[in-house]
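The next block holds one structure in the form of structure tokens; read it before the comments.
The values are calculated or read from the model by the stated rules, or taken from the named source; none is laboratory data. Just so we're clear, the structure is a prediction, and the values are computed from it rather than from any experiment. Every residue, glycine as well, gets a Cβ built from its backbone with ideal geometry; the counts of neighbours run over all protein chains shown. Surface areas here come from the heavy atoms of the whole protein model, side chains and all, with no ligands, DNA or RNA. Shrake-Rupley method; radii C 1.70, N 1.55, O 1.52, S 1.80 Å.
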Amino acid sequence: MSQNISKLRNIGIAAHIDAGKTTVSERILFFTGVNRKLGETHDGQATMDFMKQEQERGITIASAAITAHWNDYQINLIDTPGHVDFTVEVERSLRVIDGMVAVFCAVGGVQPQSETVWNQADKYRVPRLAFVNKMDRTGADFNEVVNQMNKYLGANAVPLHLPIGVENTFEGMIDLVNMNSVIFKEKERIVGPIPENMMEQAQVARQNLIEHVADIDDDIAELYLSEEDIPLDMLKEAIRKATIKLMMVPVLCGSAYKNKGIQLLLDAIVDYLPSPKDLGVIIAHDPYDEEKTCQRNPVESEPLAALAFKLINDPYVGQQTFIRVFSGKLTNGMSVYNTNKGKTERIGRIFRIKAKEREEIQEAGAGEIVALVGMKITRTGDTLCDENTPLLLENIHIPPAVIEMKVNLEDKKNRNKLGEALAKLCNEDPSFRAHFDEETEETIIAGMGELHLEIIVDRLKDEFKVPVTVGAPSVSFRETITAPFECNYRFVKQTGGKGQFAHTVIRFEPNQGKGFEFIDITKGGVIPKEFIPSVEKGLQAAMNKGPFAGYPVVDVRCVLVDGSSHPVDSSDMAFQLCAQMCFKQAFMKANPVLLEPMMKVEVNTPDDYIGNVTGDLNKRRGRIEAMRRFRKGSQKLDAFVPLMEMFGYATALRNITSGRANYSMEFNNYSPMPHDKQEEIVKERNAKDKA
């Protein structure tokens, strides 16, 4: 395989929840011969949804990588979740794929999460095809979905298909590239001439396709203007180039559940989506100089460059580390350099994955996506490379956890077991956090949303066999300061033996949106060089639990101005403790405020309920940004709403719109809370601490 990289396709399938991504993946596996029988999401038999929680809920949670073959081409397929709580899964998959199939529901069209996924694909400049699924459903409208793609996504979407029939009469499509009809009966496809009653419509649609391609390709434009026939190979090559350059999105249609259109989708993946070779040079950073960049070509003769994008704990083989090889070659037993950790690690076994099953291979070349077993230090986002030519590939953006929940053990004997399980889950999922609060002796877990934490708790019980009870979910607030304050703190402790001494003068300043910054401007060695990192360490420790209400502190610049030390009594620990005390004292005098997570909320609602929806969002302290016509009779509403007001929103929205509206929500930013709400939270927190 690795001999011919141009016959490799690394593709992802992504879309809004319930658009049919996993069903499309299952049909791809069936028609490529990976599966002998069809798996369905609704009966928990989907190959790609191999976690128990996925099978029970009929949704995709963890992206699964599978290798399939079609017409001498190898396709590495990554199925990604549609639910916004698992948006990190989509993000890290987009980081390592070369092309994407965006699935749209023919009835729902461009839904909120479709936009989120589309924007993520834009960020990573991923070429894509669109597949309009569920053409057999009541209310299906192919042209309307194409219009919405152009209007809301700026997609430059161009149909390559025209549906034959619609809703319950949908039986196939006209292929506008080959100018023939394809009718599907059971699992067979019958290729024939275009029906006479659709010939005129097909000619207009093909003319539209050629005009679009002629705008992008000069050779096609020349033939088009001189009214000459355009050779089929030339047209396909022009569509391919335009797709790879992100100048066009070819749109296909079908009904995955009814086995209609999947073979044509596979042909289009091979014909129009890029191989690693088409995308060319990979740009990386020099690990020792951020300003410098270095390049790698996707060939085996260059030094190794690979990115770990996912970890899974497998009950049979232990931890599997999924990696994408960008250049060079990976072989069994070789040593690789982990740039992020600054250490070398030996490659154990290499596997190609078919969801739950795995095939052991001896080597993996440029462009491949494989799983490694036996990696000890490698985590999500780490770069693996050749030790003599180190580089750093672009990391994966992980949004902050915004919701937390207390987890209590039913039996205290399981404390170690819980710790091990949470450590494994944190390794697997970088958007999940867990810590033990020494004061309250409670374990706190934090994640991206209610569903995210529900799944984690299910996995603790089912997979790790740790019986736990949970408290109600609560919002993960942050603390910061709004005014500068300089604090002069002297730490002196005299015990029976050696004393402790440290003295720091630190200026604390607001640092909005820039996180924690530490600057040392001391002169003349007033604090010995070896104790400067101790001051920084102490400040960071103090920021884990803010003095205001016990939440993490963000966006503070700490400037070490002056200080002093004692030749005998000063130590690393003395300066750490001194910095912590200094921070706590200054923080309360620097106008502290609480920050709350603001969520970007999108609601699709019929016109009849728009008043109810806006009224309800206003009550929840929402700020409505935009309202736009979504399709005839319905509107799309964009708003920013505090997360603490969004608990139970799914039920409320169902009630006020008779179940006809849907919504999606994602983290946007942290924003200062109104004073009255802030007081409530601080009082509650203080009361809990006293109790």
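So the values come out like this:
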| quantity | calculated |
| --- | --- |
| With all protein chains modelled, accessible area of residue 406 [1.4 Å, Å²] | 70 |
| Accessible area in the full protein assembly, largest first, 1.4 Å probe, for 344, 380 | 344, 380 |
| Alpha-carbon centroid distance for the pair the range 362-397 / the range 190-236, whole angstrom | 44 |
| Of 230, 242, 266, farthest towards positive along the dipole that unit charges on Lys, Arg, Asp, Glu beta carbons give the range 221-273 | 266 |
| Sites residue 416 and residue 573 - FRET efficiency at Förster radius 25 Å, r taken between beta-carbons, to 0.05 | 0.35 |
| Charge tally in the Cβ shell below 12 Å around residue 526, where Lys, Arg are +1 and Asp, Glu are -1, residue 526 excluded | 0 |
| Candidate aspartates and glutamates for bridging to residue 343, where Cα separation is under 15 Å - those fewer than 8 sequence places away on the same chain excluded | 382, 386, 387 |
| Rotationally averaged projected area of the range 413-561 (alpha carbon convex hull; nm²) | 12.6 |
| Full-extension gain in nm, residue 493 to residue 544, via 0.36 nm per residue minus C-alpha separation | 15.9 nm |
| Residue 6 versus residue 564: modelled label distance in nm, points set 7 Å from Cα along the beta carbon direction | 7.6 |
| Distance between the range 634-652 and the range 519-561 - C-alpha centres, whole angstrom | 39 |
| Neighbour cut-off at most 13 other Cβ (10 Å), DSSP loop, GluC sites (Glu not before Pro), the range 407-454 | 410, 438, 439, 441 |
| Hull volume in cubic angstrom per residue (convex hull over the Cα atoms of the chain) | 195 |
| Dipole-positive endmost among 19, 73, 204 within the chain (Cβ charges, Cα centre) | 19 |
| Cα-centred dipole magnitude for the range 88-163, charges only on beta-carbon of K, R (+1) and D, E (-1), debye, nearest 20 | 160 |
| Backbone HN-Hα couplings from phi across the range 400-409 [Karplus 6.51/-1.76/1.60, Hz, Gly and Pro as x] | x, 5, 10, 9, 10, 8, 8, 10, 10, 7 |
| Modelled FRET efficiency - R0 35 Å, residue 314 with residue 344, Cβ distances, 0.05 increments | 0.90 |
| Under 10 Å, Cβ to Cβ, from residue 642 - net charge with Lys/Arg +1 and Asp/Glu -1 | +2 |
| Local electrostatic count, residue 344, Cβ distance below 15 Å [Lys/Arg +1, Asp/Glu -1] | 0 |
| The range 271-347: chymotrypsin sites (Phe, Trp or Tyr not before Pro) in DSSP loop, at most 15 other beta carbons within 10 Å | 288, 316 |
| Cross-link partners of residue 493 among aspartates and glutamates (Cα-Cα below 17 Å; sequence separation of 8 or more within a chain) | 569, 572 |
| Dipole magnitude of the range 441-592 about its Cα centre (Cβ charges: Lys, Arg +1; Asp, Glu -1), debye to nearest 20 | 500 |
| Reachable aspartates and glutamates, given that their alpha-carbon falls under 14 Å from the alpha-carbon of residue 465 and they are not under 8 places away in the same chain | 410, 411, 420 |
| Probe 1.4 Å - accessible area at residue 142, Å² to nearest ten | 10 |
| Net charge dipole size for the chain [Lys, Arg +1 and Asp, Glu -1 on Cβ; Debye, nearest 20] | 1920 |
| For the range 317-439: span of alpha carbons on each principal axis (Å, largest first) | 49, 30, 23 |
| The range 570-691, relative contact order [Cα under 8 Å, separation at least 6], % | 33 |
